[in-house]
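Following: one structure in C-alpha cells, then a few remarks.
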Amino acid sequence: MVSVRTTFVRLCAVSLLGRLSYQMARSPVLPRFAQDLGAAPELIGLIVAASTITGVFIKLPAGALSDVLGRKRMMLLGCLFFAAPPFLYPFVHSSGTLLALRFLHGVATAIFSPVASAFVADLSREERGKRLGWFAAVGDIGSTLGPLIGGLLLFYTTSYPMTYLTVGVLGLFPLLLILRLPDDEMPRHAGTTLDARSQQFWSGIREVLGSRAVVIASLLEAAMYMGYGAFLGFFPPYARGIGLNDAQIALVMGIQLATTMLAKPLSGRLSDRIGRKPMILAGLLLCAATLPAIPALASLWLLFPVSALFGLGVAIVTPSTTALVADLVKGQRMGSAMGVFGTIWDTGEASGPILAGFLIASMDYSTAFTLIALLMAVAALFFAVFVSDPQRERASNAR
C-alpha cells in the first residue's frame, strides 16, 4: 500500500517535470521560432496564448471526466500530451502549423492541472491547503527553470529541432512517474454503463456550476490572475520606457516569481489554521494595492519591494482559493470543481493582457493598472459578502 506522503511526492515530481518540459517549449524558444517562421507580431501573440486558450475549453470536461473515469487514467492521458507533441515541432515549417501544434500541446496542462489538483485535494482534508501550496510551489519551480533551460539550450545548440527533441525526452518522465501512482478506485457512484457515466459527468458539471460559492471563488482567482497577466504582459515595455535594461527587468520579475514560490507552502498552511477566507481577502487586497504602484515608480530599488509584495499577494491567494473550492464540494465532484476553477482562472489570465492592452492604448499605464486593481477590489468585496468559509464553519460546529 503506497502511503499518502509517497503519492503526494510523486505527484509533485510529475508536476515539476511536466511543467519544466512544457515551459521549455514555450518561452523564450516559442516566440523566436514563430518569428523565424515569418509570423507577424499579432500571430506570435496568438501562438503564445494558444495553449491557455486550449485550457479554457478543456479543463472543465477533463476535470469532470476524472470524476467518472478516475484521476490516474486522466492524468496518463494528459501526460501523453507532455510527451508526444514536442517530437512534432521539428517537422513544423509554417506559422499556421505551429499555431495548430500549440493548441494540441496545450492539452497537456489543460488535462493535467485540474485533475492533479483534484488528486492532491483528495488525499486528505487535513492539511489540504499546505499540500496544495507545496504542490503549486513545486510546479512553479518547473515553470521557472523551463524558460531558463530552454533558452540556454537554444543558445548553445542554435537548433530548434534539438531543443524540442530534448523537451520531448523530458516529457516522457512524467508519463513514467504516473504509471507508478496507486490505482485510484473507480469514482464513487459511477455506473457501469456508458449512459450512467454520461449522466454522472453532466450532473457533476451542473452541480458545481450551480454552486454560487464555487463560481465566485473561481472568479476571484480569475480577477487576481487578470492583474497578474497584465503585470507579466506590460511591465517589460513599461520598464523599457523608464530606462531599465533587460537584466534589470528580469530581476524585478524574478523577485516577484521567487516570492510567490517561496510563500505558497506557508500561505497554504496558514489557510489550514486560520481559514481560507481571511487569507484570500488579504492576498487579493495586497495585489490590488500594489499593482497600481508599479507604473507609478521609476526607481529600480523601489520596484524590487513592490514586485515582491505583489508576488506575496499572489502566493497568499492561489493555494487558499484552490483549497476553498475543494472544501466546498463533495469528494465525487472534486474533478468537476477543479475543472470549473481552472477554466475560469484561465479566462482571467488570458483576458488580463488583452484588457490591459486596450486600456493602455487609450489611456496610460497608471490608469490601466489602477482600473484593473479596482476590478480586483470589487471581486474581493463580492467574495467577502457572498462566500462563507466552510472550514471555519466546521471548526465552530465541532466546538
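The values are calculated or read from the model by the stated rules, or taken from the named source; none is laboratory data. Just so it is clear, the model here is predicted, and its values are computed rather than measured. Note that we place each Cβ from the backbone using ideal geometry, even for glycine, and neighbour counts take in every protein chain shown. Only protein heavy atoms, including side chains, enter the accessible area calculation; ligands, DNA and RNA are left aside. Shrake-Rupley method; radii C 1.70, N 1.55, O 1.52, S 1.80 Å.
Regarding Ala110, is this residue surrounded by fewer than 22 Cβ atoms within 10 Å (Cβ to Cβ) and within 18 Å of Ser21 (Cβ to Cβ)? So Ala110 fails the test. Which residues, taken from segment 67-81, are within 12 Å of Ile178 (Cα to Cα) and hydrophobic (A, V, I, L, M, F, W, C)? Scanning segment 67-81 gives Met74, Met75, Leu76, Leu77, Cys79, Leu80. Checking each residue in segment 312-350 for being assigned to a helix (DSSP H, G or I), open to solvent by 10 Å² or more (accessible area, probe 1.4 Å) and of a type in the set (A, V, I, L, M) picks out Leu312, Ile316, Leu328, Ile344, Ala350. Against the list (1) among the hydrophobic types (A, V, I, L, M, F, W, C); (2) touching a residue at least 12 places away in the same chain (Cβ under 8 Å); (3) under 22 Å from Ile53 (Cβ atoms), the condition Leu285 fails is (3). Within the option set Arg188, Arg180, being modelled with pLDDT under 80 and either in contact with a helix residue (DSSP H, G or I) (Cβ under 6 Å, 6 or more places away or on another chain) or over 21 Å from Leu324 (Cβ atoms) (or both) holds for one residue only, Arg188. Do you know which of the residues in segment 23-35 that are part of a helix (DSSP H, G or I), touching a residue at least 24 places away in the same chain (Cβ under 8 Å) and open to solvent by 10 Å² or more (accessible area, probe 1.4 Å) is farthest from Val92 (Cα to Cα)? Filtering first and then ranking leaves Gln23. Within the set Val68, Val48, the sole residue that is more than 19 Å from the chain's Cα centre (by Cα), part of a helix (DSSP H, G or I) and under 30 Å from Phe119 (Cα atoms) turns out to be Val68. Residues in segment 232-254 that are open to solvent by 40 Å² or more (accessible area, probe 1.4 Å) and hydroxyl-bearing (Ser, Thr, Tyr): there are none. Checked against the criterion of being open to solvent by 40 Å² or more (accessible area, probe 1.4 Å), of a type in the set (Asp, Glu) and either within 16 Å of Gly311 (Cβ to Cβ) or assigned to a helix (DSSP H, G or I) (or both), the candidates Glu207, Glu221 yield just one match: Glu207.
Number of residues in segment 52-98 that are open to solvent by less than 30 Å² (accessible area, probe 1.4 Å), of a type in the set (A, V, I, L, M) and without any contact (Cβ under 8 Å) to a residue 60 or more places away in the chain equals 1.
In segment 170-181, what residues are under 12 Å from Ala25 (Cβ atoms) and open to solvent by 40 Å² or more (accessible area, probe 1.4 Å)?
The one that is under 12 Å from Ala25 (Cβ atoms) and open to solvent by 40 Å² or more (accessible area, probe 1.4 Å): Leu170.
Kindly check whether there is at least one residue in segment 123-140 that is surrounded by fewer than 24 Cβ atoms within 10 Å (Cβ to Cβ) and polar (S, T, N, Q). Yes, segment 123-140 has at least one match. Test Thr158 against the criterion of being polar (S, T, N, Q), open to solvent by 30 Å² or more (accessible area, probe 1.4 Å), at pLDDT below 90 and closer than 20 Å to Pro174 by Cα, and give yes or no. In short, no. Tell me yes or no: at least one residue of segment 113-127 is of a type in the set (D, E, K, R), assigned to a helix (DSSP H, G or I), out of contact with any Lys or Arg (no Cβ under 9 Å at 6 or more places or on another chain) and more than 20 Å from Met74 (Cα to Cα). The answer is no, given that none of the residues of segment 113-127 is of a type in the set (D, E, K, R), assigned to a helix (DSSP H, G or I), out of contact with any Lys or Arg (no Cβ under 9 Å at 6 or more places or on another chain) and more than 20 Å from Met74 (Cα to Cα).
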